[in-house]
Structures are given as C-alpha cells and as structure tokens.
Amino acid sequence: MVVVTLNTIAPPPLMSQSKTAGEYEVKAAFLYNFAKFVEWPEGSFANSQSPFAICVLGTDPFGRTLDQILAGKMVGNRPVTLQRFREVARARQCQMLFVSPSESGRLPQIMDQLHGASVLVVGETDGFAQAGGAVQFTLDEDRVRFAINPDAAERAGLRLSSKLLALAKIVHDDTANGGRS
C-alpha cells in the first residue's frame, strides 16, 4: 500500500523569493510531481531505457529553475530530461509538455498536432484546460493551484491518480468555444 500525503504533491512553502521567481519554482516542482501521479500507456517510450522527457514549448518562463529542480531526478526507473523547443512537431516525443503563454495564439494548432500522442499537456493561460489542455496552473490569492481536464487526459491515453484529481479543480472541454470533443 502506498501512502500519499499532500506534501508528496504540493511543493514546500517558499521563503524570501520574489513573487514571480517563487511562482515558477512552485510550478516547476508541480510539473515534476505530476509525473508521479500519472500512468502513461505501453508504447509511450521508444524503449525501456528511454528517459522521461519534460518539455517546454515556446518562450521558457522558468529560467534555470526548472533545470535545477529536475537535475538528477527520476520518474520510476527513468532519468528525467528537459527539452526546450519552438516547433510543436517535436513535442510528440515528450511525456509532459508545458505550453508557454507565448504560444497561446497557436493553442488550437498545438492541440491538433498532439492529437493521439500520450503527452500530458500543461499550461497556464486562461481557458487552457477547457481548450483541450490536461492541466492548467492558476493563481488563487497568490497561491499556485491547478485545474485538470480529465477529458484531455483520457484522449491522450493517460490515467490520472485519484489522489491527483482530489487536489485539482476539475474542468471539462468547452466544445462551444473551441475545446476538443
């Protein structure tokens, strides 16, 4: 039996950090922790030695924070790698993709190009989860929270832990305004 506490997924409190630096440190920690609560289907990796790829599409808002948090980390028996790129076609090789706010104007095309790929798509722009992203970071009274779209996770063939879902605001596709069906 595995016991998971809120501390397992929630990053520790931040001390004397600027609001922006602290916000992205928390988001980076969440990205890594999400991987512990999601199951990817067989065939999501090229082979048994393939690393777990966390990727950033577009302008990277994390700076070096994400590199520092992911350094030397493992997901299961796989080392975590971090990749940054501007072309969405490369994102299909990722297990988790953070879509930068710089890409918000291309969101429908990004979702179309990722259709059928087993990628946990994470973003922070308003309406991201309803538009087909699996996880959307939000701020509530200066605290980082997240919403999950289980429809998007299911389309990607991903299984989300009930423990992760219990911590999230659940949203669904907004098919009337461009969300996937």
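The values are calculated or read from the model by the stated rules, or taken from the named source; none is laboratory data. All values derive from a computational prediction rather than experimental measurement. Because the Cβ atoms are built from the backbone with ideal geometry, glycine has one as well, and the counts that use them run over all protein chains shown.
Would a scan of segment 133-146 turn up a residue that is crowded, with 20+ Cβ neighbours inside 10 Å and not in a strand (DSSP E or B)? Yes. Looking across segment 83-104, the residues that are among the small types (Gly, Ala, Ser) and crowded, with 17+ Cβ neighbours inside 10 Å come down to 91, 100, 104.
Do we find a residue being of a type in the set (Val, Ile, Thr), surrounded by 18 or more Cβ atoms within 10 Å (Cβ to Cβ) and over 12 Å from the mean Cα position of the chain (by Cα) anywhere in segment 106-122? Yes: one or more hits. Considering segment 44-128, the qualifying strands (runs of 3 or more DSSP E), each wholly inside and each with 1 or more residues that are small (Gly, Ala, Ser) and either farther than 21 Å from residue 156 by Cα or in contact (Cβ under 8 Å) with a residue 24 or more places away in the chain (or both), run over 52-57, 120-123. For segment 1-43, the set of residues classified as modelled with pLDDT of 90 or more, of a type outside the set (Gly, Ala, Ser) and assigned to a helix (DSSP H, G or I) consists of 23, 24, 25, 26, 27, 30, 31, 32, 33, 34, 36, 37, listed by residue number.
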